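Working notes, structure below.
The values are calculated or read from the model by the stated rules, or taken from the named source; none is laboratory data. Because the structure is predicted, anything quoted here is derived from the model rather than measured. Here the Cβ is made from the backbone with ideal geometry for all residues, glycine too, and neighbour counts use every protein chain on show.
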Amino acid sequence: MKKLVGLIIILVVLVLGGYYGTGLMTERTLKRDITLVNQANGLNVTINRYDRGWFTSKADLLWKVHVPERVVKNQDGQPTLQPAQDYTLDMPLSIYHGPVIFAEDGVHFGLGYAKTELNLPDQFKQKFADAFTTDSTSPKLNVSVLVNYLNRSRFRVQLPQFTLIAKEGNGQFKWHGMTSDVTLTSRLDHIDGDMIIQGIDVKKDQISARVSQVSSEYDLYQAENGLYLGQASFSLPSVLVTNGDQKIFELNKFSVHTKSDIEDGLFHSHLEASINQLYSNGKNYGPGEIKLAIKNLDADVLAKINEQANQMQGNTDADRQQALFTILPELPKLFSKGAEFEVSKLSFVMPEGSIEGNLTLNLPKGDSSNPFQLIQQIQGEGQLKLPADLVKEALKETSKQQLVKQPTLQDALAKQIEMHSSGDQQDKQQPQDAEVSKQDVEAQQQETTQRSDQSSAQAQDQPQVAESTTNATQKDPAQQPVTKQMTLAELDQKAEAKAQEKLDALVAAGALEKQGNEFVIHVTLNEGQLTVNGKPFNPAMIQY
């Protein structure tokens, strides 16, 4: 019996000591995490109070956020200087000690567990009441930290659902909730986590938008040189915008995935993005996909540049410029191991057809420190296939914009009358000058009209003559050629003709190559020499 009692006493002492010990470890871990948070620019956290108990502890944290002065544009589009602002937020923290944690939200296993609930700060409550109706719900933030047995901290941030209804404009915003988990080691050499947004609804009059569940995941680790490597992904299943019962915009299955690693001292990074369908302006687009890669960068040089770039944050403009001058000489070293940029796949389905392309740019290995010499050594090859209807439609729209910008006959006559009226006033002030009669003005207007009509007709038949006429009349705006007002049908017809003329010129110059129902652009770059579709490139190829 005595042995049993003694064993029970030993167990009780071990349990009590274990809970107190885990409380000490949790306190140290919390202070370490706060130190890491304080390394961020404009953010500071201090512990105003920490009361440690056997099984639970209480703490009060004070968060200070500094927003530096910045230049923003007002409603008139004019830049205005916003002064720096400081915000404070009190965070009461309940801390539960392990190894078995009995908290209000359930049972957890670990060294310690802390949680808090943040409501709208007092300085914003009145602004919230002035902007939103009483049917609105104020957002709040739930934050918790669990320190597991391996001394890794898992941060969980939850933003529960809330609704905002504006007093002015009848706008509504509904947030369906968000949960974000981040797990990190004590040395910050491994960070992984995920985030899920349950959805968003926005409504303004007849316009409404709905965003479905958004998710992202990441798993990063720190290499020996300080670079963070790993992979991350982002997924957006759908976005829908409607005007009443009419669909305006829709996006389906958009995703992005990135991955980076180091192999034999060389940094590699890959990015893939895809979309299943996109609806806009009554047309369906997609599917589409793109794959990018950056390979063979010197990992140690990249780590050095990354460290210098981080030091630039939060400093003065002079310090940032000095750091930038320090980074520039390192750039040639970054590409000295045979750097390569690759677009292995580019595809996107348009209503007119499919766009496809690829591109490869690489540098030979070398120790050149001259950026200009480095540029001359770039080698590359790429190809882009475009639907013929898409190219012609783009040129047609460009031609329409050019035609619309041309002055009309009525605008030119009004300008002539205004100029002659100004001349009459000057003649009255100078008696020695001969007065211009009203009949002379009308005769000159008729002569200008006839000359303008002739210039417009010649511009259609002889483009080169029209161009020289335009250059010759730039000194006298009153004598610039004008065009008569056109109907929409005439505008479309002229734009169609000009687009075909431009298209023929591009094909004749070799900038485009016709292959069936597609136009192909094949480019190569070798020792500074650029060729397009087998012909040396010159700017005249794309001048039309």
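Quick grid of which residues meet (1) in contact with a Leu (Cβ under 8 Å, 6 or more places away or on another chain); (2) closer than 21 Å to residue 218 by Cβ:
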{"residue": "255", "(1), (2)": "yes, yes"}
{"residue": "276", "(1), (2)": "no, no"}
{"residue": "284", "(1), (2)": "yes, no"}
{"residue": "293", "(1), (2)": "yes, yes"}
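A quick yes/no check of all residues on (1) charged (D, E, K, R); (2) within 26 Å of the chain's Cα centre (by Cα); (3) within 18 Å of residue 30 (Cα to Cα):
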position: 142; (1), (2), (3): no, no, yes
position: 145; (1), (2), (3): no, no, yes
position: 157; (1), (2), (3): no, yes, yes
position: 169; (1), (2), (3): no, no, no
position: 179; (1), (2), (3): no, yes, no
position: 187; (1), (2), (3): yes, no, yes
position: 192; (1), (2), (3): yes, yes, no
Requested in this report: With the condition kept exactly as written, say whether any residue in the range 111-134 is closer than 29 Å to residue 250 by Cα and free of Cβ contacts under 8 Å to residues at least 24 places away in the same chain.
Outcome: no
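Give the residue, chosen from 100, 147, that is in the same structural domain as residue 70 (by TED's automatic domain parsing) and free of Cβ contacts under 8 Å to residues at least 12 places away in the same chain.
Numbers: 147 fails: free of Cβ contacts under 8 Å to residues at least 12 places away in the same chain.
From the options 100, 147, the qualifying one is 100.
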Query raised in the report: Given the conditions (1) crowded, with 16+ Cβ neighbours inside 10 Å; (2) free of Cβ contacts under 8 Å to residues at least 24 places away in the same chain, and given that residue 224 satisfies all but one, which numbered condition is not satisfied?
Result: (1)
Report summary line: Residue hits (the range 225-254; assigned to a strand (DSSP E or B) and closer than 30 Å to residue 307 by Cα) are 228, 229, 230, 231, 232, 233, 234
**Report entry** Residue check, residue 272 part of a strand (DSSP E or B), of a type in the set (Asp, Glu), closer than 18 Å to residue 292 by Cα and under 22 Å from the mean Cα position of the chain (by Cα)
**Finding:** yes
Requested in this report: Check the range 279-302 and report whether any residue there is free of Cβ contacts under 8 Å to residues at least 12 places away in the same chain and touching a helix residue (DSSP H, G or I) at 6+ places or on another chain (Cβ under 6 Å).
Outcome: no
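Here's the yes/no breakdown for (1) in contact with a Ser or Thr (Cβ under 9 Å, 6 or more places away or on another chain); (2) within 20 Å of residue 227 (Cα to Cα); (3) modelled with pLDDT under 95; (4) in a strand (DSSP E or B):
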site: 294; (1), (2), (3), (4): yes, yes, no, yes
site: 315; (1), (2), (3), (4): no, no, yes, no
site: 327; (1), (2), (3), (4): no, yes, yes, no
site: 333; (1), (2), (3), (4): yes, yes, yes, no
**Report entry** the range 151-192, residues that are within 20 Å of residue 35 (Cβ to Cβ) and not β-branched (Val, Ile, Thr)
**Finding:** 151, 152, 153, 154, 155, 184, 186, 187, 188, 189, 190
Report task. Return the only residue of 201, 181, 192 being surrounded by fewer than 16 Cβ atoms within 10 Å (Cβ to Cβ), in contact with a strand residue (DSSP E or B) (Cβ under 7 Å, 6 or more places away or on another chain) and either among the basic types (Lys, Arg) or assigned to a strand (DSSP E or B) (or both). Result -> 201
Query raised in the report: Inside the range 67-76, can you point out the residues that are over 21 Å from the mean Cα position of the chain (by Cα) and either surrounded by fewer than 10 Cβ atoms within 10 Å (Cβ to Cβ) or farther than 23 Å from residue 43 by Cβ (or both)?
Result: 69, 74, 75, 76
Query - Hits in the range 355-379 (condition: modelled with pLDDT of 95 or more and of a type outside the set (A, V, I, L, M)) - result: 356, 357, 358, 360
Query raised in the report: Just to be sure, is residue 252 at pLDDT below 95, over 27 Å from residue 382 (Cα atoms) and polar (S, T, N, Q)?
Result: no
